[in-house]
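Visitor: Right, I'll just put the structure down here and ask away after.
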Amino acid sequence: MSSSNDTYAQLVVVRYSDVLLMYSEACLKTNTDVADGLEKFNWVRERAFGNASNNKTTLTIENIIDERAYEFVGERLRKYDLIRWGLLKTKMDAAISNVYKLEAQEAPYQDVPLSVYTRSVTGPYPNSQVLVIYGLNRGETGLPSDILSLAYTGPTKISVTNSSIGNKYFLYNINPTVASKNDFDPEFRALLPFHNNVIGTNVNLINQYGY
């Protein structure tokens with residue numbers, strides 16, 4: 001190691017909210033201490049909202065699925081949660097459908113802008129600039145009202161979608177061949193196989209999912 005402060009110990013860091021939500025899910029799945037599971041579930045929501053006004057009155061698997069999506073967004077846990085629930089393909093199908101609807105501006109995305117306009121204007125302080133953005137909010141689907149005015153100098157148009165959005169098969173192939181399933185089917189070999197050493201100690205264990 002390059003430093004006396006380094007260690008080979010692999011520390012496992014788990015967020016307390018993850019522990020609480022796992023506990024709530026275990027209570028629900030085993031039908032044990034569900035009331036306590038609901039209380040711990042609401043602890044997470046109270047921390048997020050700052051009060052109990054958004055607490056849930058019942059504990060359901062749907063609530064847990066949604067709460068884990070909100071709580072751990074961007075933390076790379078979602079895929080493994082969905083695999084555990086058997087929902088990976090279902091959620092990916094929904095995501096693909098929503099991408100198509102967004103591009104076509106179909107409900108519920110009919111008022112979502114497909115272009116964003118930006119411009120730099122003089123700020124309130126000396127030698128300062130402020131970036132004005134149009135097209136981030138629902139309903140801003142047209143042109144900025146001052147886009148043709150002299151004050152609107154240097155507008156930059158950014159397209160939210162482009163021609164490559166048609167290649168949605170990169171999410172995964174809707175009708176994959178057997179040879180390509182390993183690359184494109186989200187549920188093909190989603191679970192890791194048993195190691196040969198494990199199978200060797202128990203002849204009743206076999207690998208599924210095409211392994």
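The values are calculated or read from the model by the stated rules, or taken from the named source; none is laboratory data. For clarity, every value in this text was computed on a predicted model and none was experimentally measured. Cβ: placed from backbone, ideal geometry, glycine included. Neighbour counts: every protein chain shown.
Visitor: Out of the helices (runs of 4 or more DSSP H) lying entirely within segment 30-91, which hold 1 or more residues that are in contact with a Ser or Thr (Cβ under 8 Å, 6 or more places away or on another chain) and under 14 Å from ARG15 (Cβ atoms)? Explain how you work it out, then say what you get.
Guide: On the way: elements: 34-49, 61-71, 78-85.
So the answer is 34-49, 61-71.
Visitor: Shifting gears a bit: What tally of residues in segment 56-74 results from selecting those that are touching a residue at least 24 places away in the same chain (Cβ under 8 Å) and more than 19 Å from ASP33 (Cα to Cα)?
Guide: If we filter segment 56-74 for residues that are touching a residue at least 24 places away in the same chain (Cβ under 8 Å), which is where we start, we get 59-61, 64, 67-68, 71-72.
Among the residues that remain, those that are also more than 19 Å from ASP33 (Cα to Cα) are: 67-68, 71-72.
Counting residues in segment 56-74 that are touching a residue at least 24 places away in the same chain (Cβ under 8 Å) and more than 19 Å from ASP33 (Cα to Cα) gives 4.
Visitor: State the number of residues belonging to segment 1-52 that are over 20 Å from ALA69 (Cα atoms) and either of a type in the set (Ser, Thr, Tyr) or modelled with pLDDT under 95 (or both).
Guide: Residues in segment 1-52 being over 20 Å from ALA69 (Cα atoms) and either of a type in the set (Ser, Thr, Tyr) or modelled with pLDDT under 95 (or both): 14 in total.
Visitor: If I filter segment 105-124 down to residues being aliphatic (A, V, I, L, M) and modelled with pLDDT under 85, which single residue comes out as farthest from VAL14 (Cα to Cα)? Show your work before the answer.
Guide: To start, the set of residues in segment 105-124 that are aliphatic (A, V, I, L, M) comprises 107, 112, 114, 116, 121.
From what's left, modelled with pLDDT under 85: 114, 116, 121.
Working: LEU114: 38, VAL116: 38, VAL121: 45 Å.
Filtering first and then ranking leaves VAL121.
Visitor: Let me ask something else. So, TYR16, is that one under 16 Å from ARG84 (Cα atoms) and hydroxyl-bearing (Ser, Thr, Tyr) or not?
Guide: For TYR16, the condition - under 16 Å from ARG84 (Cα atoms) and hydroxyl-bearing (Ser, Thr, Tyr) - is not met.
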